[in-house]
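The values are calculated or read from the model by the stated rules, or taken from the named source; none is laboratory data. Please read all numbers here as calculations on a predicted model, not as lab measurements. Backbone-built Cβ (ideal geometry, glycine too); neighbour counts: all protein chains shown.
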Amino acid sequence: MDGTDPVALELVAAMVAEVGVLYEPGLPMGSSARPSELSPPGGGFVVLREDGRALAGGGVKRLDERVCEIKRMYVAPDARGRGLGRALLAALEDLARDLGYSVARLDTGAEQPRAQRMYERAGYEAVPDYNGNPYASFWGEKQLGAA
């Protein structure tokens, strides 16, 4: 899916609103990935649906010819605790491989310890800050290998 699709934009807006409250109440966080960056040819967006309803989504953004960044992962609050975060991460990694990337990076903040644990369980190893995100406390990287 294209990051400019209305469903993708809606999921990203929900994620930004929720995370913005966690870190700087009342301060909009903005986005470090424009919708066009989460679109082909260098990126893409994945949406997980149930009965036609978008429950989760996230994007892949190109950093360089071999490295991408997984961005804007979000699971609707009423759909959490069902493994959708893990399924979404796996689908985003598959998309990254399909786009030709061999390395995926991501970040998360101190107020999202469950996300960090999920990323570490999925094989993301801590790396130094690669993107200057002032809200992040964990930056991770994973060699994607073959699907």
Subset of the stretch 89-147, residues hydroxyl-bearing (Ser, Thr, Tyr) and either buried (at least 17 other Cβ atoms within 10 Å of the Cβ) or over 15 Å from Cys68 (Cβ atoms) (or both), comes to Tyr101, Thr108, Tyr119, Tyr124, Tyr135, Ser137
I'd like to know if the stretch 10-31 contains one or more residues that are more than 23 Å from Arg105 (Cβ to Cβ), surrounded by fewer than 16 Cβ atoms within 10 Å (Cβ to Cβ), within 16 Å of the chain's Cα centre (by Cα) and modelled with pLDDT of 95 or more. yes
Residue hits (the stretch 106-137; more than 16 Å from Arg72 (Cβ to Cβ) and either part of a strand (DSSP E or B) or of a type in the set (A, V, I, L, M) (or both)) are Ala110, Ala122, Glu125, Ala126, Val127, Ser137
For the stretch 69-98, the count of residues that are in contact with a Gly (Cβ under 7 Å, 6 or more places away or on another chain) and under 19 Å from Tyr124 (Cα atoms) equals 8
Of the conditions (1) at pLDDT below 95; (2) in contact with a Ser or Thr (Cβ under 6 Å, 6 or more places away or on another chain); (3) farther than 22 Å from Gly3 by Cβ, the single one that Gln116 does not satisfy is (1)
Conditions (1) within 23 Å of Glu111 (Cβ to Cβ); (2) surrounded by 14 or more Cβ atoms within 10 Å (Cβ to Cβ) -> Met1 fails only (1)
Note on the stretch 97-125: residues over 12 Å from the mean Cα position of the chain (by Cα) and among the charged types (D, E, K, R) are Arg97, Asp98, Glu111, Arg114, Arg117, Glu120, Arg121, Glu125
